Amino acid sequence: MSPFALSRDDRPDRPRPALSVIVPCYNEEEVIETTHARLSAVMAGTALNHEIIYIDDGSKDATVEKLRAIASNCAHARVVRLSRNFGHQIAVTAGLEFADGDAVVLIDADLQDPPEVIPEMIAKWREGYEVVYGVRTTREGENAFKLWTARAFYRIINKLSEVPLPLDTGDFRLIDRKVVLALRRMHERYRLLRAMTSWVGFRQVALPYERHKRFAGESKYPLRKMLALALDGILSFSVVPLRIVTAVGLCMAFFAALGITYALIGRIFGDDWVRGWTLMFITVLFFGGIQFIFLGIIGEYVGRIYGEAKQRPLYLVSEVMGPPSFGAIETLAHERGGP
Ligand code: UDP
Ligand code: MG
């Protein structure tokens, strides 16, 4: 059924599920069936009323057809198809808006995060924790470069931003409905969900697990996308780069003042002042370069302000398969300006 045909009176004729699992999928035809089988087995073991929401993030392979089959064969599965590729973080965001569960689990489609850890997360949730985030103890099948860049990223972001981001966390986590509702109120475009769930607070606990190799297919995070994600994380959660700009600017102004004083004294009291061309050239080039770098940093922020100011929707849904959700109705009511 299309979500656009629903109204607030069309409340689904079923209880809210206790648990929603959100699985973003982008070109995952090789793994998606195995993923569904393993997830279903784990969820059946928990004996909780649950739903599994697959977000198809504009896949160009057979992922959609496979998801369609899953949705028609499994009463727990729901598929939300986005109108194009919006990126991993946005796909998960769409999932959060459709999820009806009292708790939500975010998990990748490639089985790198083992679904078998979910019952442990549920146990922690039952103890009263509102965010149970997975911490990778090992990262099989990832090369030294990815490990090194990931480590550097967490170091930098923790130095710069106000909210702590625990080392080696990904998006694999369980979050309580309270946190889901909080995240739904955070409309920012440049999102790093793991940092946003840290920002919201609530009772949080780490759950160590072993991260496996991708089951099949290849990573959709090439270096370019990883850098973009890192930049989003840093710039959305920190104004420290802007402060660095100001601090360096002040230092330079100080040295410039010294230089000017020196030049004036030399000019007034000395007689050998027509010299120092080399120094002058170096200075001009140096200051020119620094200024461009700083303009670039400021430009990154201005560009983000521009992006936010347009207030476009974060994603567009082209199709919803499977049972109707409470979340879809709430999302639509929200888009129409309702509560
Ligand atoms: N993904 C997505 N949209 C994208 C890129 C990735 O929905 O534009 C999904 C992908 O299908 C997978 C998850 O996000 O379920 C993580 O992606 P991937 O495994 O490629 O990242 P990595 O584990 O290599 O960091
Ligand atoms: Mg992966």
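Data overview
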| quantity | calculated |
| --- | --- |
| With every protein chain in place, the stretch 100-203: carbon and sulfur % of accessible area (1.4 Å) | 57 |
| Long-range amide H partners of CYS74 with built H, under 5 Å | none |
| Set of lysines with alpha-carbon distance to LYS225 below 25 Å, sequence-local pairs under 8 removed | LYS60, LYS146, LYS159, LYS213, LYS310 |
| Tensor-based shape of the stretch 198-254 (alpha-carbon gyration tensor, a/c under 1.5 rounded, otherwise prolate or oblate) | oblate |
| Between helix 277-309 and the chain: long-axis angle, C-alpha atoms, 0 to 90°, nearest 10 | 30 |
| Using alpha-carbon coordinates, inclination of helix 32-46 to the longest axis of the chain, degrees | 70 |
| Peptide ranges 31-38, 70-77 listed from the most packed, as the mean C-beta count within 10 angstrom indicates | 31-38, 70-77 |
| Calculated P(r) tail over 26 Å for the chain, as whole % of Cα pairs | 55 |
| ³J(HN,Hα), Karplus 6.51/-1.76/1.60, whole Hz, each residue of the stretch 177-184, x for Gly, Pro | 4, 4, 6, 4, 5, 5, 5, 5 |
| Probe 1.4 Å, accessible area per residue of the chain, Å² | 52 |
| Lysines with Cα under 23 Å of LYS178, excluding same-chain neighbours fewer than 8 positions away | LYS124 |
| Cα gyration tensor shape for the stretch 23-84, rounded if a/c is under 1.5, else prolate or oblate | prolate |
| Under-5 Å amide H pairs with LEU207, H placed in peptide plane, nonlocal only | TYR133, GLY134, VAL135 |
| Computed E for LEU48/THR246 - FRET, C-beta separation, R0 51 angstrom, nearest 0.05 | 0.50 |
| Largest-first ellipsoid semi-axes for the stretch 163-290, taking √(5λ) over the Cα gyration tensor eigenvalues, angstrom | 52, 19, 12 |
| 3J(HN,Hα) from dihedral phi, the stretch 223-240, Karplus parametrisation 6.51/-1.76/1.60, rounded to Hz, x for glycine, proline | 3, 4, 5, 5, 5, 4, 5, 4, 5, 4, x, 6, 6, 7, 10, 8, 10, 4 |
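The values are calculated or read from the model by the stated rules, or taken from the named source; none is laboratory data. Since this is a predicted model, take the numbers as computed values, not measurements. FYI the Cβ positions are ideal-geometry reconstructions off the backbone, even for glycines, and counts take in every protein chain you see. SASA here: full protein model, heavy atoms, side chains in, ligands and nucleic acids out. Shrake-Rupley method; radii C 1.70, N 1.55, O 1.52, S 1.80 Å.
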